[in-house]
Amino acid sequence: MPLLEVAALRKRFGGVVALDGAGFTIDGPGIVGLIGPNGAGKTTLFDIVCGRQSADSGTIRFENRRIDGLPPHRLARLGFARSFQECRTLNEETCLDNLLFAAQDKRLGHGLRGIVAPPAQPRDAARALLATAGLERFANTPAGDLSFGQRRLVEILSTLMAAPRVLLLDEPASGVNPTLLATLAAVLREAAPRLGLLLLVIEHNMAFVMGLAARIVVMHQGAILADGTPADIRADRRVIDAYLG
Amino acid sequence: MKAAATLLAVATAALLPVAFPGQPYMLQLATLTLCGIVPAIGLNLLFGYTGLVSLGHMGFAGVGGYAAALLMKQAGWPFLPALGSGALLAGAVGLLVGIPCLRLRSHFFIIVTLAVGLILSTLFTNLDWLTGGAEGLPGIPRPRPLAIGGVRIVLATPIGFYWVALAVTLGALLLQWAVVRSPFGSALAAIRQDETMAAARGVDVFAHKLAVFALSAGIAGAGGALQASFLRVAAPASFDLAASINLVAVVIIGGPGYLAGPVLGSIVFVALPEALRAAAQARLFVFGAVLVLLALFAPRGLLGLGTRLLRRHAAS
């Protein structure tokens, strides 16, 4: 039974075709890179998988269950998490609270019961996770006071805090300096097998994504152009022509 | 530190009528301030914490006020069950109104809340058989004496009712505090800061908005019931559009998203007009100017301004 199966997704925005039959199958946990030129449809595909947009046609299955058309919060409860290209954190909350919020049970009933009996919070686990990325000294700093790269790390650590089964990262390396980037790669390389996570990464930073992922899917003009190991992709004539140059 | 300050404030408020005996006007003002704090707490949860502006919230206070008035006057219910039922009914109306309205976003939602406030206040004025029309429902009986063991506490006197109002206000403040620190409260804060992100993290945004809207309408309803039984009349003027706009002003002045915001806002809102009584004609003008200045320089109200100044002082 494949873990995630995306089949024949199509999406148009007026006259622009964003997705033109894109599909791929992922059998189990691991790290998969999704690359391709700007406008290839990568973020649209992410948005559809996470329920932020709906496809015109096509199906998505998670462990053989149809999940296309489910709203984002339902998908999140099934174990989907994502980061955003533009980086979204709770800027008024401290870094620690950002992680604690991600870890919390979001069902309304649970939240309302918590008014009478506040649940225990995994503060130690959150601090430990912040420490793995060298952010422990910012635990009590509002996320909005951090640099963009640091906020990116807080965003990704938050998604990990929810112990997701599928994590989609949209350009995690953009705007992150080389030192922080090395930290990020180390955090992800350690977390993915530990959580039994399927990590899907959209990225333009080839060194970063090729070093991280065991499998690369290349998108071009809304469809899948190539699919294989980083070595295969680097040698693929069509990919070089369309993207790598 | 914070706990000590809170305790001190509560003790001061409780002893106020004893410390200033023979000042019925002061006591009247203090009770009126308390009556204003409760609906402001309701709006603070909705506006300050969740980021949803309602321009018709005193309409819900009116639902609670009229319901409690009818129950006490016609059915002879005691004060507390009447207040509770008024709050529940206002919450239920909030839930029903929220289902269609909360599907709208930002300014569309604000406009619809304005319309809801107008509809409710029109109903209060025109459903003569139920609400007494323009005259309202006068002659609400005072709360009966409370007997705890052998001690009999008279609540019908001005001082007695002040303590009743204080107890209800403290209850609402306690509820606000419990909501804000709960997981429900963090989800509301996340919705205010970034709805898309909150949804991606698993928050059912619509359900949470609906729940806080109903809760906020219910608290406003309790405030309306308290005010009606203090004034001994449920009248349309207490729950009209101007009252709703004033409520938004109270929350903005005090500091939206602060636990003590409604308290400070209500004190300023009641005290400032009194201080400006000498220049009655300039009152609204000064008030408008204060609101504009706050919007320009202190978008998070007086408490936001105070916190910022304190932080700057600590940094230097």
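Considering only B:R300, B:R152, B:R105, the mean-square fluctuation computed in a Gaussian network model of chain B, springs between alpha carbons under 10 angstrom, is largest for B:R152.
Each peptide in B:247-253, A:210-216 receives the mean, over its residues, of other Cβ atoms within 10 Å, and ordering these scores from highest gives B:247-253, A:210-216.
What list of whole percents do you get for P(r) of region A:153-226, with Cα-Cα distances grouped in 10 Å bins up to the one holding the largest distance? With a bin width of 10 Å, the distribution comes to 17, 54, 25, 4. When both region B:245-316 and region A:178-245 are represented by their alpha-carbon centers, they are found 54 Å apart. Each of the peptides B:220-229, B:38-47, A:65-74 was scored by the mean count of other Cβ atoms within 10 Å over its residues; in descending order, highest first, they stand as B:220-229, B:38-47, A:65-74. Computed about the Cα centre, the dipole magnitude for chain B is approximately 620 debye when only Lys and Arg (+1) and Asp and Glu (-1) carry charge, each at its Cβ.
With a 10 Å cut-off around each Cβ of B:187-194, the average count of Cβ atoms from other chains is 5. Per residue of peptide A:100-109, the mean number of Cβ atoms on other chains within 10 Å of the residue Cβ is 6. Answer with one residue from A:Q53, A:A191, A:L181: the one whose Cα lies farthest towards the positive end of the charge dipole of region A:4-244, charges on Cβ with Lys, Arg +1 and Asp, Glu -1. In region A:4-244, that residue is A:Q53. Shielding of peptide A:80-89 by partners, expressed as the average count of other chain Cβ atoms within 10 Å per residue Cβ, is 3. Calculated [222 nm] ellipticity per residue, helices only, for chain A: -10500 deg cm²/dmol; basis is -39500 (n - 2.57) per DSSP H run with n ≥ 4, divided by all residues, nearest 500.
Take B:181-190, A:196-205, B:51-60, A:223-232 and order them by the average number of nearby Cβ atoms within 10 Å per residue, most first; the result is B:51-60, B:181-190, A:196-205, A:223-232.
Could you please state, rounded to a whole Å, how far the C-alpha centre of region B:83-109 is from the C-alpha centre of region B:2-46? One Cα centre to the other: 28 Å.
At R0 = 45 Å, how high is the FRET efficiency between B:A207 and B:I148 if r is their beta carbon distance? Nearest 0.05 is fine.
Computed FRET efficiency for B:A207 and B:I148: 0.65.
Take the Cα coordinates of region B:100-210, assign each an equal point scatterer, and use the Debye formula without solvent to give log10 I(q)/I(0) at q = 0.10, 0.12 Å⁻¹. For region B:100-210 at q = 0.10, 0.12 Å⁻¹, log10 I(q)/I(0) is -0.61, -0.80.
Looking at region A:4-244 alone, DSSP beta bridges between its own residues are antiparallel in about 55 percent of cases. Applying 1/(1 + (r/R0)^6) with R0 = 35 Å to the Cβ-Cβ distance of A:L78 and B:A14 gives a FRET efficiency near 0.10. Determine, at each q value in 0.12, 0.13, 0.14 (inverse angstroms), the log₁₀ of I(q)/I(0) that the Debye formula gives when each Cα of region B:1-156 is one equal point scatterer. Values returned for q = 0.12, 0.13, 0.14 Å⁻¹ are -0.71, -0.82, -0.92. For region B:2-315, what percent of Cα pairs sit more than 24 Å apart? Within region B:2-315, distances greater than 24 Å cover 53 percent of Cα pairs. Figure legend: label point modelled 7 angstrom from the Cα of B:Q74 along Cα→Cβ; residues of region B:210-248 with amide N under 18 Å from it are B:225, B:228-229, B:233-236. Calculated FRET efficiency, A:H204 to A:V16, Cβ-Cβ distance, R0 = 25 Å: about 0.75 to the nearest 0.05.
Using a Gaussian network model of chain A in which every pair of alpha carbons under 10 angstrom is joined by a spring, one finds that among A:A120, A:A131, A:A102 the greatest mean-square fluctuation is at A:A120. In this structure the amide hydrogen of B:L52, modeled in the peptide plane, comes within under 5 Å of the amide hydrogens of B:F47, none closer than 5 places in sequence on its chain.
Every read-out reported here was derived from the displayed coordinates using simple, explicitly stated rules and does not represent laboratory data. Everything numeric in this text was worked out from a predicted model, so none of it was measured. Here the Cβ is made from the backbone with ideal geometry for all residues, glycine too, and neighbour counts use every protein chain on show.
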